[in-house]
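In what follows, a single structure is set out as structure tokens and then discussed.
Here, each number is a calculation from the coordinates, and none is a lab measurement. Only a predicted model underlies this, so the values are computations on that prediction, with no experimental measurement involved. Quick reminder, even Gly has a Cβ in these numbers, built from the backbone with ideal geometry, and neighbours come from all protein chains shown.
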Amino acid sequence: MLVKIALPKGRLLEPTSAMLQKAGWGLDEYDKKARSYHLKSQKFPSTAVKVFNEKDIPIQVAVGNYDLGVCGLDWVEELLVKYPNSAIVKIKNLGYGAGTLFVAASQWGELTALAQIKASDRNIRIASEYPNLAEAFALRNRLGRFSVFPVWGGADVYPPENAELVLVSGTEAELKGCGMVPVSRFLSFGALLIANRTSWETEDLGQIVASLGDGVGGEVAPAEKCVLYSRLPEIDDDTLRLALPDGHQQPPTLELLSKAGIKINDYPSPTGNRRPQVQLDGVVAKVIRPQDMPLQVANGNFDLAITGKDWLKEHLYQFPSSPVKEIVDLKFGWVRLVAVVSPKLAVDDASGLRRFCAGRAAPLRLASEYVNIADRYARDNRLGHYRVVPTWGATEAFLPDDADVLIENTQTGQTITRHNLKIIDTLFESTACLVGNTGIDFSSRRGKRARSVIDSLRRAVEG
């Protein structure tokens, strides 16, 4: 019997590795420098171990792709609150990775207590990486009107201008340290061993589970820190709101802004500040994830944003009438969106993939962070019966066992080659771009400020 086990990368990787070393599993390659997602246990040779983004593990276990998994209770509950009949069994608390989910508000906001929020007749906007749990909080507290904004991270920057509340992990001290007021302690969590219900009831998993003993691992990597802002910028109807990207796109973004004559202080920020100061009158900026920008611009939370064409297209495939459009191609951050398969699959192009699909009864599985682009690719290429598997990164781990095709971005293709995978198609090329809300009135004061920024960036790109 082959037992399939899903282990986490990210914050739980090192303590989970320490726990498994203590248990004598012999997973020598399971560390933060690991370049392979497929591992073998010396102690349990009849197991197949694979490394995933932690958020993906509850889903993979629930659908039966894996018999056992290690992840945080927070991500298990995020799945179960929406799909309560999911086939997950909580086996044991592993004794590390402790944390708390808080609902919090900005200390500068008008609503900073739960009683105020419940009594308010305004639409309560909640930003979170945990959208299902955020909705559960709103329903549990019978909020009259609310909207949940799913984000990829950095939720703490959204209040008070773009959201009244966030649902985030941390401690009360950490929240207060970044200008947040705890409104409600929502969920205490830690690392958890979970099992697929069918596997738990029909397979002999006792020896593997027993080997973990008390389960205690090592220290958890520190979480992403937020920053206390000494004051919030004054924003009125004339203020232009600009969203800037976090992560690896910050240096080329800063270089372009500098070339355009737009000076920004503390970006990139060594302290994690997500509110850099723009040296332009009437312009404020926030640093958010590029994945979140098209939706945030469409919702009117920002007027302009620097994101990628890939994320704009992903958004527009889902919302074709969305009021957001590309304004300037910024000519950096070039990647290709590609279709990737295992070399074991005798397919070399999209037409070959179509023939492969025609000869099988099971649905084709496409794994991607770009779920709407993957869906469009399958429909445009007439791939027949298919299923899109949403992922949160580490997509290469899904082939060939848990997906047939990846829709992935790549610059050089080296990562794909390193994982012994092959590219069979290029969907399109993507670069960074300036996007804007189609409702901007360029005759207004805010619109004139937007036009000035647009023209400055266009000249910098063309110059």
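Of note:
- Gap separating the Cα centres of segment 190-206 and segment 233-285, nearest whole Å: 48
- Reachable aspartates and glutamates from residue 4, criterion Cα separation under 13 angstrom, eight or more residues apart if same chain: 67, 203, 204, 401, 402
- Pairs from the list 118/325; 43/92; 9/325; 33/176; 286/309 with a Cα-Cα gap above 26 Å: 118/325; 9/325; 33/176.
- The residues 283, 81, when put in order of fewest to most other Cβ atoms within 10 Å, stand as 81, 283.
- Listed candidates [x] 23.1; [y] 21.4; [z] 40.6 - label of the one calculated as mean projected area of the Cα convex hull in nm²: [x]
- Alpha-carbon centroids, segment 158-189 and segment 393-463: separation in whole Å: 30
- Residue-averaged [θ]222 nm for the chain, counting only DSSP H segments that reach four residues, each worth -39500 (n - 2.57): -7500 deg cm²/dmol
- Look at 355, 451, 365 and count the other Cβ atoms within 10 Å of each Cβ; fewest to most, that gives 355, 451, 365.
- On Cα atoms only, tilt of 131-140 relative to the major axis of the chain in degrees: 80
- Among the GluC sites (Glu not before Pro) in segment 74-144, those located in a DSSP loop and surrounded by at most 12 other Cβ atoms within 10 Å of their own Cβ are 110.
- On Cα atoms only, tilt of 250-259 relative to the major axis of the chain in degrees: 20
- Relative contact order for the chain, counting Cα pairs under 8 Å that sit 6 or more residues apart, in percent: 15
- Relative contact order for segment 335-430, counting Cα pairs under 8 Å that sit 6 or more residues apart, in percent: 50
- DSSP beta bridges in the chain [antiparallel fraction, %, rounded to 5]: 60
- Exposure proxy for 385, 38: other Cβ atoms within 10 Å of each Cβ, ordered fewest to most, give 385, 38.
- Residue-span extension gain [residue 139 to residue 318] - 0.36 nm each, minus C-alpha spacing: 61.9 nm
- Degrees, to the nearest 10: 13-22 long Cα axis against longest axis of the chain: 20
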